[in-house]
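The values are calculated or read from the model by the stated rules, or taken from the named source; none is laboratory data. Every value quoted in this text rests on a predicted model; they were computed, and no experiment measured them. Because the Cβ atoms are built from the backbone with ideal geometry, glycine has one as well, and the counts that use them run over all protein chains shown.
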Amino acid sequence: MEAAIRVLNEMVGDGVVDAYALGGAMAAVFYVEPVATFDLDVFVILPPAERDQLVITLERQNRWLSDRGYHAEGEHVMVESVPVQLLPAYNDLVAEAVVTALDKPLGQVTARVCRPEHLMAILVQTGRAKDRARLQMFLEEAEFDSAALEELVDRFGLRERWMAWTA
């Protein structure tokens, strides 16, 4: 995974994406007990000219990766043997999660990782059964700022689902 993070950092350095942050199960391992996953979910903020288009694509990002020998396999790009899924920051919560991500050491590189409070709010927002189970892991195992999480839940209109999931 370290080599894949190095490539993501190069994408930022080359201006292919403005920013990235690990999300999903791989980000969760920085805060809770690891769970089985086969890919690396990466939220990205695209450069303004690309994110302001009517139809947002990852064409330039995929071309950049392909030019370096990394090719798509379904919805993933194989980067140094790691299936990577680039996900444009699709709403304000995810965009904020990318912008406020933490730098976390990973071997000889630094990875941008969503804060636990944002990961938890995204789990609630996404609302799948596996998200509910992962949220429970965060509540039981992770160190997080409960006031910051409560503020996110309210600001992004997640209070009702939060209450149903944590009651």
(request) Hey, can you tell me all the residues within the stretch 73-84 that are surrounded by fewer than 14 Cβ atoms within 10 Å (Cβ to Cβ) and either of a type outside the set (D, E, K, R) or more than 20 Å from Ile122 (Cβ to Cβ) (or both)? (result) Glu73, Gly74, Ser81
(message) Going residue by residue through the stretch 57-72, is there one that turns out to be basic (Lys, Arg), buried (at least 17 other Cβ atoms within 10 Å of the Cβ) and on the phi < 0 side of the Ramachandran plot?
(response) no
(request) Find the helices (runs of 4 or more DSSP H) located wholly in the stretch 46-110 whose residues include 3 or more that are at pLDDT 95 or above, and list them. (result) 59-67, 92-99
(request) Select from the stretch 10-26 the residues that are modelled with pLDDT of 95 or more and surrounded by 15 or more Cβ atoms within 10 Å (Cβ to Cβ) and list them in ascending order. (result) Met11, Val12, Val16, Val17, Asp18, Ala19, Tyr20, Ala21, Leu22, Gly23
(request) Determine if the stretch 46-55 includes at least one residue that is within 11 Å of Cys114 (Cβ to Cβ), crowded, with 21+ Cβ neighbours inside 10 Å and not polar (S, T, N, Q). (result) no
(message) Can you tell me which residue is farthest from the chain's Cα centre (by Cα) among those in the stretch 112-138 that are outside any helix (DSSP H, G or I) and closer than 15 Å to Val32 by Cα?
(response) Arg115
(message) Can you report the number of residues in the stretch 139-157 which are of a type in the set (Gly, Ala, Ser), free of Cβ contacts under 8 Å to residues at least 40 places away in the same chain and part of a loop (DSSP other than H, G, I, E, B)?
(response) 1
(message) Looking for something in a helix (DSSP H, G or I), touching a residue at least 40 places away in the same chain (Cβ under 8 Å), out of contact with any Cys (no Cβ under 6 Å at 6 or more places or on another chain) and under 19 Å from Phe144 (Cβ atoms) - is there at least one such residue anywhere in the stretch 5-19?
(response) no
(message) Tell me the residue from Arg51, Arg63, Arg68 that is out of contact with any helix residue (DSSP H, G or I) (no Cβ under 7 Å at 6 or more places or on another chain), among the basic types (Lys, Arg) and within 22 Å of Val99 (Cα to Cα), please.
(response) Arg51
